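Heads up, the thing below is written out as structure tokens.
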Amino acid sequence: MLLLMRRPRLLYLTSAFPYGRGDTFFGPEARELVRQGVDLRVIPMRPRGLLTVADAKTWTVRKPLLDLAIARAALIETVRSPRTVASALRLLLRRPEPDVLVRNLAAFPKALWIAHEARRWGADHIHAHWAGPPSTAALVASRISGVPWSFTAHFADIAANNLLEEKSASAAFCRFIARSMMELARQTAPKCDESRWVLLHLGVDVSETYRIPGELNSPAVLLTAARFDVEKRHGTLVEATRRLVDEGFDVQVWLAGAGPLKEQVERQVHGRGLEHVIRFLGFVMPEQLLEWLSTGLIDLVVLPSDAEGIPVSLMEALSHGIPAVACDAGGVTELLGDGCGEVVPIGDPDALASAIAGLLSSPERRASLAQRGRERMEREFAVEPLVEQLRDLLGFGAGAEAADAQPAAARHADSSATGL
């Protein structure tokens, strides 16, 4: 039988990506994995909403958290390996807190289905984004199927401590996107085995062409792309904007995003008399945001959050030569420190307004931040070399292609039958 050299096969578990309005920041990494020759299958645990990363459709398997096919596969795996399945279930019971336990148990049947499909498809590795239910599913699927696994931890998922010790001991590697996130994990689960912990940023596409800021738009346009949640602190930006207007600055503030606190922020804007200054754009597709950054419509990107990993919205701004101002949360300083951006205290509208005013008033300062920020992006956050490192961690480095004795037609038939 003819032996075929096949691409390494990766199951890539997410919460909802590429559906809905969250997790869109995984797009550059997923695309680059495909471009670098990985046979990628994205499995969102709870796919909801519309497809928001259009090109991801061809390598995504959309299945609900539970359906008849998942229940059938879970039953098959339980009959096939009852002791292993029982052992995996007992592992989940180590975290009896109701919120953690309920989410893990809800993911359990789909985890068994993932194990079933990993074996049928011939997956070489399972990687999960988020240290919560997606990585729980990857852990269980690995135990059942024998396929190695790993996960990427971000921020809030670390603080939830969903079996961090057990996952650190079991995974081939545990990836953190920022040094500050590693420290958070140490504080959250101090007994973790850190021998498999690695620091590897999420990357973005670093545009080959970019503009160093010159003249401001009239009015100057400030962009905040963030969901309307408590931790994003849009209210701090509203108060800072009131100060800027009172000081005579001609600005427009664009708020891109949706979320439960949007109406509250709208009321604050009306109460401060800023309806003509602050625009609510709703959810904006990632491609549209990138077009605005690349065509000079945006003068500054601002993020007033009190909880972040390393925000992709700031990374994308820097990669396009747009200066950024943000509060000192999470990994922000790892991105904007050393003169790559302006970092101000959390919840301080006076400091935020002062930093923005300083940039609006100084073309030289804007150009300096833009240049240094762009250089940092090229050096530390460009997606191509970061994915090369990720491939090495996954065991998919140069020469990782494997001989496949199964005829291509048979593999295609299996793929069609299983959805992978």
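The values are calculated or read from the model by the stated rules, or taken from the named source; none is laboratory data. It should be emphasised that the depicted structure is a prediction, and the values quoted were computed from it without experimental measurement. Cβ atoms come from the backbone with ideal geometry, glycine included; neighbour counts cover every protein chain shown.
So the values come out like this:
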read-out: Complete set of residues in region 66-82 that are touching a Pro at 6+ places or on another chain (Cβ under 9 Å) and surrounded by 18 or more Cβ atoms within 10 Å (Cβ to Cβ); value: Ile70, Ala73, Ala74
read-out: Leu13 being of a type in the set (A, V, I, L, M, F, W, C), under 30 Å from Phe228 (Cα atoms) and at pLDDT 95 or above; value: yes
read-out: Flag for Val85 being assigned by TED's automatic domain parsing to the domain that holds Phe17, surrounded by 17 or more Cβ atoms within 10 Å (Cβ to Cβ) and over 23 Å from Phe17 (Cβ atoms); value: yes
read-out: Single residue of Ala159, Ala153, Ala107, Ala171 found to be crowded, with 19+ Cβ neighbours inside 10 Å, small (Gly, Ala, Ser) and within 18 Å of the chain's Cα centre (by Cα); value: Ala153
read-out: Out of Leu101, Leu92, sole residue that is of a type in the set (A, V, I, L, M, F, W, C), under 26 Å from Ala156 (Cβ atoms) and surrounded by fewer than 21 Cβ atoms within 10 Å (Cβ to Cβ); value: Leu101
read-out: Answer residue from region 214-225, given it is of a type in the set (Gly, Ala, Ser) and surrounded by fewer than 22 Cβ atoms within 10 Å (Cβ to Cβ) and is nearest to Asp348 (Cα to Cα) among those; value: Ala220
read-out: Any hit, region 301-315, residues being over 18 Å from Ala226 (Cα atoms) and in contact with a Lys or Arg (Cβ under 9 Å, 6 or more places away or on another chain); value: no
read-out: Every residue from region 228-260 that is crowded, with 20+ Cβ neighbours inside 10 Å and among the small types (Gly, Ala, Ser); value: Ala240, Ala256, Gly257
read-out: Qualifying residue in region 202-209 (condition: small (Gly, Ala, Ser) and part of a loop (DSSP other than H, G, I, E, B)); value: yes
read-out: Residue match in region 253-261 (condition: of a type outside the set (Ser, Thr, Tyr), farther than 18 Å from Ser313 by Cβ and over 24 Å from the mean Cα position of the chain (by Cα)); value: no
read-out: Cross-chain or 6+ apart pairs with Cβ under 9 Å, region 349-369 first and basic (Lys, Arg), then in a helix (DSSP H, G or I) and crowded, with 19+ Cβ neighbours inside 10 Å; value: Arg365/Leu359; Arg366/Leu359; Arg366/Leu360
read-out: Scan of region 348-380 for residues that are farther than 21 Å from Arg243 by Cβ and acidic (Asp, Glu), ordered by number; value: Glu364, Glu375, Glu378, Glu380
read-out: Selected residue (criterion: farthest from the chain's Cα centre (by Cα)) from residues of region 281-293 that are part of a helix (DSSP H, G or I) and surrounded by fewer than 16 Cβ atoms within 10 Å (Cβ to Cβ); value: Glu291
read-out: Failed item in (1) at pLDDT 95 or above; (2) assigned to a helix (DSSP H, G or I); (3) under 24 Å from Glu29 (Cα atoms), with Arg83 passing the rest; value: (3)
read-out: In region 294-311, residue farthest from Arg179 (Cα to Cα) [restricted to those that are surrounded by 24 or more Cβ atoms within 10 Å (Cβ to Cβ) and among the hydrophobic types (A, V, I, L, M, F, W, C)]; value: Leu300
read-out: Some residue of region 261-280 being crowded, with 17+ Cβ neighbours inside 10 Å, among the β-branched types (Val, Ile, Thr), touching a Ser or Thr at 6+ places or on another chain (Cβ under 8 Å) and at pLDDT 95 or above; value: yes
read-out: Residue list for region 1-26, restricted to those being over 19 Å from Ala107 (Cα atoms) and touching an Asp or Glu at 6+ places or on another chain (Cβ under 8 Å); value: Leu3, Leu4, Met5, Arg6, Arg7, Pro8, Arg9, Leu10
read-out: Breaking point among (1) under 19 Å from the mean Cα position of the chain (by Cα); (2) at pLDDT 95 or above, for Pro311; value: (2)
